[in-house]
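Every read-out reported here was derived from the displayed coordinates using simple, explicitly stated rules and does not represent laboratory data. None of the values given here were measured: they were computed from a predicted structure. A quick note on method: Cβ atoms are made from the backbone with ideal geometry, for glycine too, and the neighbour counts reach across all protein chains shown.
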Amino acid sequence: MEIKNTDIIMIAGNTETMTVTIYNEDNIRVELKEGDIVYMSVKKNINFSLYVLQKTITAFTAEGDAVIILDPEDTSELKGEYVYDIQLNQLVPGENTLIRTLVNPSRFIVEVKITNE
């Protein structure tokens, strides 16, 4: 997998892992905790209503990072250019859930693979 700026280029059917570490506006690390949800959503285009892929992360590393795992079956039927974003729904005690887009809509490119073993 290759990430250029926020565009992702990967091979269909490969296993890929991305770790999402969040910093606030003061460049202080934000630890994700129980009740927080990170979504990675992929659509054919920005106007398409259905997701071709969506990952929901509710368990986080000891450091409070989100780990997004793309399993082979997640992308084995995909080919071409899509659009994705990553969103955080953060539970704030005593307040409403804060919704933040961590990665703005960006290209998600899936290339074909040669070996299918």
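Tell me which of I109, T19, V30 sits at the most positive position along the dipole axis of the chain, charges placed on C-beta atoms (Lys, Arg +1; Asp, Glu -1). So the residue furthest toward the plus end is I109. Sequentially through segment 23-28, phi angles give Karplus couplings (6.51, -1.76, 1.60; θ = phi - 60°) of 10, 7, 5, 9, 6, 9 Hz, Gly and Pro residues having no value and appearing as x.
For segment 36-88, what relative contact order do you get, as a whole percent, if you take Cα pairs closer than 8 Å and at least 6 residues apart? Kindly include the intermediate steps, with their values, before the conclusion.
Working: 69 pairs, mean separation 25.9, N = 53.
Once divided by the residue count of segment 36-88, the mean separation gives 49 percent.
Taking a straight Cα-Cα cut-off under 15 Å and skipping sequence neighbours fewer than 8 places away in the same chain, the aspartates and glutamates within cross-link reach of K33 are E63, D65. Dividing the summed helix terms, -39500 (n - 2.57) for each DSSP H run of n ≥ 4, by the number of residues in the chain produces a 222 nm estimate of -500 deg cm²/dmol to the nearest 500. Taking all Cα pairs closer than 8 Å and separated by 6 or more residues, the relative contact order of the chain comes to 33 percent.
So between K44 and M18, what do we pick up on full extension, going 0.36 nm a residue minus the alpha carbon distance? Working shown, then result.
Numbers: separation 26, 0.36 × 26 = 9.36 nm, distance 2.07 nm.
Length gained between K44 and M18: 7.3 nm.
Classify segment 2-110 as rounded, prolate or oblate, taking a ≥ b ≥ c as the square roots of the eigenvalues of its Cα gyration tensor: rounded when a/c is under 1.5, otherwise prolate if a/b is larger than b/c and oblate if not. Note, shape of segment 2-110 comes out prolate.
Calculate, for E34 and V112, the FRET efficiency according to 1/(1 + (r/R0)^6) with r their C-beta to C-beta distance and R0 35 Å; round to the nearest 0.05.
Values: r = 39 Å, r/R0 = 1.13.
Efficiency at R0 = 35 Å is approximately 0.35.
Near K113, which lysines are there with a Cα under 16 Å away, not counting those fewer than 8 places off in the same chain? Reachable lysines: K79.
Add +1 for every Lys or Arg and -1 for every Asp or Glu among the other residues with Cβ under 13 Å from the Cβ of V30, and state the total. Intermediate results must be reported in sequence, preceding the final value.
Numbers: positive: R29, K33, R100; negative: E25, D26, E31, D36, E63, D65.
Its environment carries a net charge of -3.
Taking amide H as placed 1.01 Å from N in the peptide plane, V20 has its amide H under 5 Å from the amide H of A66, V67, I68, each at least 5 places away in sequence or on another chain.
The charge dipole of the chain, taken about the Cα centre with unit charges on the Cβ atoms of Lys, Arg (+1) and Asp, Glu (-1), comes to about 360 debye, rounded to the nearest 20.
Please work out how much length the chain gains when fully extended from T97 to Q54, using 0.36 nm per residue of separation minus the C-alpha to C-alpha distance, in nm with one decimal. Each step should come with its number before you reach the end.
Details: separation 43, 0.36 × 43 = 15.48 nm, distance 2.01 nm.
Difference between extended and current length: 13.5 nm.
Please go through segment 1-58 and write out the chymotrypsin sites (Phe, Trp or Tyr not before Pro) that DSSP classes as loop and that have at most 13 other C-beta atoms within 10 Å. Within segment 1-58, the qualifying chymotrypsin sites (Phe, Trp or Tyr not before Pro) (loop, at most 13 other Cβ atoms within 10 Å) are F48. Near the amide H of D36, within less than 5 Å, lie the amide hydrogens of L91, all on another chain or at least 5 residues away, with H placed in the peptide plane.
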